[in-house]
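For reference, the structure discussed in these notes is given below.
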Number of protein chains: 2
Amino acid sequence: MNEEQWLEELLKFNGEDGKLSEKQMKILEAAIEMFAEKGYAATSTSEIAKRAGVAEGTIFRHYKTKKELLLAIVTPTLLQSVAPFLAKEFAKEVFEHQYEHYEDFVRTVWKNRYEFVKKYLPAIRVFWQEVAFHAEIKKQLETVFTAHVYEKFKKIVLYFQEKGEIADFPVESVIRLTITTIAGFFATRFIIMPDYDWDDEAEMERTIQFLMNGLRKKEA
Amino acid sequence: MNEEQWLEELLKFNGEDGKLSEKQMKILEAAIEMFAEKGYAATSTSEIAKRAGVAEGTIFRHYKTKKELLLAIVTPTLLQSVAPFLAKEFAKEVFEHQYEHYEDFVRTVWKNRYEFVKKYLPAIRVFWQEVAFHAEIKKQLETVFTAHVYEKFKKIVLYFQEKGEIADFPVESVIRLTITTIAGFFATRFIIMPDYDWDDEAEMERTIQFLMNGLRKKEA
DNA sequence: TTTAAAAATGAGTGAGTACTCACTTAAAAA
DNA sequence: TTTTTAAGTGAGTACTCACTCATTTTTAAA
């Protein structure tokens, strides 16, 4: 997969469905790289222009402000991050026994998101670094999470709790522990210790084993 | 505990053991608040001076550069964050059966760090927000972690693994899963969803139960 | 080939930026 | 009381910032 493709794939949620010009893609590429490295506030538009090989004015032809450029990166990244939960068939698949156990569901999400994080790491970095500073981004995250992720996740958890497969913690706690465990691996693996000699398959097995034992329903 | 005290307590690791002048403390307070809110790069020294009620020049009398001011906040915060592991008696306590089970150890760390996070949240925010952008901070974190936290944590885990209390995962994995689970709660509780109606005691109980079941050694 | 529209340019702009320095004020030492 | 030292000041400095706009270049239509 070449450079143009991954960017267009990431951005396919960005509203403007038309193709991006070559210069526009160079701008986005450069901005993602530099925002990820130095942060949004510490990156100047002139630096972005230089790295992208365009004039500074060209940036402002496509994005009215620097912040609009940030949002053009961050919004599609958020939507792609939760993409599995946005699919209409998603929750249905669970109830039609696509996944016999909660573990099957966790494994599917894990593998799917593992590929995603690997591919779009810089854009994901930008998202999480800047969500702390920009109210618009935080609001987007909250909206997307409550409207899509939480609702569907809840149904899935309730389903497996009724089957007696996982502990009778409050659904919110089960969701939190599941996400925390998976995201905790990704954060350690890709952000905190990316240079450590990871055995990804083995670590996934251990982590999922840990998660399932932690959530397993105990006999009364 | 009044404002002066908490700041001085946080900073008691900062090398200069002498007391801070009133204006100096106002500067640090203002800087912590504003760095936490808007980020280091987006906060100007003139704004800090205004909020602290001092002249801009006063900041640069105490800190040669803006970055030195950041490090004066971030370094003591890192050291306080891992304070329990810095105590000489710490590992010894474990082997002299201060903690009969791994769970006792986890509970002690949890409660201790819970109070800490609650008290110094803004400074902790600054640390984690800026560690991504400043190589010096990242290096400090690595040094402190490998020299103090990892070494002692490892001994504790090995001890309870030999007792057959926790699973024979690699020590690194046990440490990662433990930290991830505890830090995952703190991050959700204080950063991601601070306004949610938390029952901290109950959530701690569930999380520790989850962690211990996840790590428990299975019969062969 | 001419003309019109769109895209790209980069020098220019005013509002900041981190930091300096000659100076004043306050406290401590002599 | 006089002198020394330190803390605090704020206007000034060189420079960078996001953003603009008159002009040129490229593309497409006629």
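None of the figures in this text is laboratory data; all of them are computed from the coordinates on show. What you see is a predicted model; the values in this text were computed from it and never measured. All Cβ positions, even for glycine, are placed from backbone atoms using ideal geometry, and neighbour counts span all protein chains on display.
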Translational diffusion coefficient of the protein assembly as shown at 4 °C, 1.567 mPa s, Stokes-Einstein with Kirkwood Rh over Cα pairs, in µm²/s as a whole number. 54
Bounding extents of segment B:124-164 in its principal axis frame from Cα atoms, largest first in Å, are 42, 18, 11
Show me the trypsin sites (Lys or Arg not before Pro) within segment B:76-157 that DSSP assigns to loop and that have at most 16 other Cβ atoms within 10 Å of their Cβ. B:K88
Label points for A:K154 built 7 Å along Cα→Cβ; distances to same position in the other copies, nm, shortest first, come to 4.6
With a Förster distance of 35 angstrom and the Cβ-Cβ distance between A:A42 and B:A83, calculated FRET efficiency to the nearest 0.05 equals 0.70
Tell me, in nm to one decimal, what length is gained between B:E22 and B:A183 on full extension, where the rule is 0.36 nm per residue of separation less the Cα-Cα distance? 54.6 nm
Here the whole-number average of other chain Cβ atoms within 10 Å per Cβ of A:208-218 is 5
Between copies, how close do the B:L121 label points come, placed 7 Å along Cα→Cβ, listed in nm from shortest? 3.2
Counting only Cα atoms, I'd like the Rg/Rh figure for chain B, Kirkwood definition for Rh. 1.02
Enumerate the amide H contacts of A:I166 below 5 Å, restricted to partners 5 or more residues apart or on another chain; note that Pro and chain-start residues carry no placed amide H. A:Q161, A:K217
All lysines inside 18 Å of B:K154 as judged from Cα atoms, apart from same-chain residues fewer than 8 positions distant: B:K88, B:K92, B:K163, B:K217
7 Å from Cα along Cα→Cβ at both A:F190 and A:K119: what's the point-to-point distance in nm? 1.1
Across the residues of B:191-203, average count of Cβ atoms on other protein chains within 10 Å? 2
When you look at the Cβ of every residue in A:173-185, what mean number of other chain Cβ atoms sits within 10 Å? 5
Quick one: label points 7 angstrom along Cα→Cβ at A:G57, distances to the other copies in nm, smallest first? 4.3
Given a Förster distance of 30 Å, report the FRET efficiency between A:E151 and A:E8 from their Cβ-Cβ distance, rounded to the nearest 0.05. 0.55
Kindly state, to the nearest 0.05, the FRET efficiency for B:F60 paired with B:K139, given R0 = 30 Å and r defined as their beta-carbon distance. 0.75
All aspartates and glutamates inside 16 Å of B:K138 as judged from Cα atoms, apart from same-chain residues fewer than 8 positions distant: A:E37, A:D195, B:E68, B:E130
Summed side-chain charge close to A:G53 - residues other than A:G53 whose Cβ falls under 9 Å, Lys, Arg +1, Asp, Glu -1: +4
CD proxy, 222 nm, the protein assembly as shown: helix-only mean residue ellipticity via -39,500 (n - 2.57) per DSSP H run with n ≥ 4, per residue, nearest 500, stands at -21000 deg cm²/dmol
Quick note, segment A:164-215: a/c under 1.5 would make it rounded; otherwise a/b > b/c is prolate and the rest oblate (a ≥ b ≥ c, C-alpha gyration tensor); here it is oblate
